[in-house]
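First the structure, in the form of structure tokens, and then the observations on it.
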Amino acid sequence: MKAAKSAGVKEEPAFEIVDLYPLNHYPKVVNNSVSNITGQIGSSVFLPCRTQHSLERQVSWVRRRDWHILTSGLTSYTKERRFSVHHPEGSTEWTLAVKYLKLDDAGTYECQISGGAGMVSQLSILTVVVPQAVIPGNGEYHVDTGSTISLTCFIEKSSVAPQYIFWYHNSRMINYDQERGGVVVHTETEPRVMSRLTIADARPSDSGNYTCDAENTEAASITVYITQGQKYGHVFLAYM
């Protein structure tokens, strides 16, 4: 026979419910503003996300274009190794790194911070730009036989200066043309990325298409015309 319960005695529960995340400690975004990030094709970018509390299992990066979960915590959910999350231990930073940028990487990325009180997010809008080579002029360059050819090329929309700028004559690279001789390429990176091609003692075989190009850059071309006989006309006038 069971003993009767004592009057006024409160029965203790068999277990205690513990809230692992107190109400004022649910993760939330420190900065809800949208980040606009611009990256050059082929380079790397870093998309920021910061929370007030570091809880690995609660932070995910999603690509809005196809709603693909790229990372959750420190785990990657994409076969592309170009995507990774950087989170120093004890830090509130959850940075999504994207390497070797492609044009179709452009778009909106969402950092989702989930907790018992719901989910908040921070957006990063990524723009991918392609540098362009520009040769000033109207696409034509006229020079007299025996004169010096001087062509200038600027690399525009470039956040990272290319390691090399190449010049081609009718599809043949001439940066180090020892056979022709008299070919000099001078390159500068400040204040603008610029390459200047000079060819001494122009001859008819130097006529044709010249192209300035660099890695991950839209090339630019110009047509060079060598005019014969003008040099002698200038000499004749000099003696008049």
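If Thr108 satisfies all but one of (1) within 24 Å of the chain's Cα centre (by Cα); (2) surrounded by fewer than 17 Cβ atoms within 10 Å (Cβ to Cβ); (3) at pLDDT below 95, what's the number of the condition it fails?
Failed condition: (3).
Quick check on segment 96-104. Is at least one of its residues in contact (Cβ under 8 Å) with a residue 40 or more places away in the chain, acidic (Asp, Glu) and within 27 Å of Ser158 (Cα to Cα)?
The initial filter retains those residues of segment 96-104 that are in contact (Cβ under 8 Å) with a residue 40 or more places away in the chain, namely 96-103.
From the residues that got through so far, the ones that are acidic (Asp, Glu) too are none.
There is no residue in segment 96-104 that is in contact (Cβ under 8 Å) with a residue 40 or more places away in the chain, acidic (Asp, Glu) and within 27 Å of Ser158 (Cα to Cα).
Does segment 183-190 contain any residue that is free of Cβ contacts under 8 Å to residues at least 12 places away in the same chain, within 29 Å of Val128 (Cβ to Cβ) and assigned by TED's automatic domain parsing to the domain that holds Gly137? Give the steps one after another, and end with the answer.
Of the residues in segment 183-190, the ones free of Cβ contacts under 8 Å to residues at least 12 places away in the same chain are 188, 190.
Those left that are additionally within 29 Å of Val128 (Cβ to Cβ): 188, 190.
Remaining after also requiring assigned by TED's automatic domain parsing to the domain that holds Gly137: 188, 190.
Yes, the conditions are met somewhere in segment 183-190.
Among what's in segment 182-205 and is polar (S, T, N, Q) and not in a strand (DSSP E or B), pick the residue that is surrounded by the most Cβ atoms within 10 Å (Cβ to Cβ). Quick ask: steps written out before the conclusion?
The first filter runs over segment 182-205 and keeps only residues polar (S, T, N, Q), leaving 187, 189, 195, 198, 205.
Now restrict to residues that are not in a strand (DSSP E or B): 189, 205.
Values: Thr189: 13, Ser205: 9.
Ranking the qualifying residues of segment 182-205, first place goes to Thr189.
I'd like to know if segment 169-177 contains one or more residues that are surrounded by 19 or more Cβ atoms within 10 Å (Cβ to Cβ) and in contact (Cβ under 8 Å) with a residue 40 or more places away in the chain.
So far as segment 169-177 goes, yes, one or more of its residues are surrounded by 19 or more Cβ atoms within 10 Å (Cβ to Cβ) and in contact (Cβ under 8 Å) with a residue 40 or more places away in the chain.
Can you report the number of residues in segment 93-105 which are at pLDDT below 95 and either surrounded by fewer than 16 Cβ atoms within 10 Å (Cβ to Cβ) or of a type in the set (A, V, I, L, M) (or both)?
Matching residues across segment 93-105 total 1.
Scan Ile222, Ile155, Ile165 and give me the residue that is more than 21 Å from Ile41 (Cα to Cα), crowded, with 16+ Cβ neighbours inside 10 Å and either free of Cβ contacts under 8 Å to residues at least 40 places away in the same chain or not aromatic (Phe, Trp, Tyr) (or both). Outline the logic, then answer.
Working: Ile155 fails: more than 21 Å from Ile41 (Cα to Cα); Ile165 fails: more than 21 Å from Ile41 (Cα to Cα).
Of Ile222, Ile155, Ile165, the one residue that is more than 21 Å from Ile41 (Cα to Cα), crowded, with 16+ Cβ neighbours inside 10 Å and either free of Cβ contacts under 8 Å to residues at least 40 places away in the same chain or not aromatic (Phe, Trp, Tyr) (or both) is Ile222.
Could you please find all residues in segment 33-45 being in a strand (DSSP E or B) and surrounded by fewer than 14 Cβ atoms within 10 Å (Cβ to Cβ)? Give the derivation first.
Going through segment 33-45, the residues in a strand (DSSP E or B) turn out to be 35-40, 45.
Answer for segment 33-45, where residues must be in a strand (DSSP E or B) and surrounded by fewer than 14 Cβ atoms within 10 Å (Cβ to Cβ): Asn36, Thr38.
Inside segment 117-148, can you point out the residues that are over 34 Å from the mean Cα position of the chain (by Cα), surrounded by 16 or more Cβ atoms within 10 Å (Cβ to Cβ) and in the same structural domain as Thr38 (by TED's automatic domain parsing)?
Selection gives nothing.
The values are calculated or read from the model by the stated rules, or taken from the named source; none is laboratory data. On a predicted model such as this, the values are computed, not experimentally measured, just so you know. Here Cβ is always computed from backbone atoms with ideal geometry, including for glycine, and neighbour counts include all displayed protein chains.
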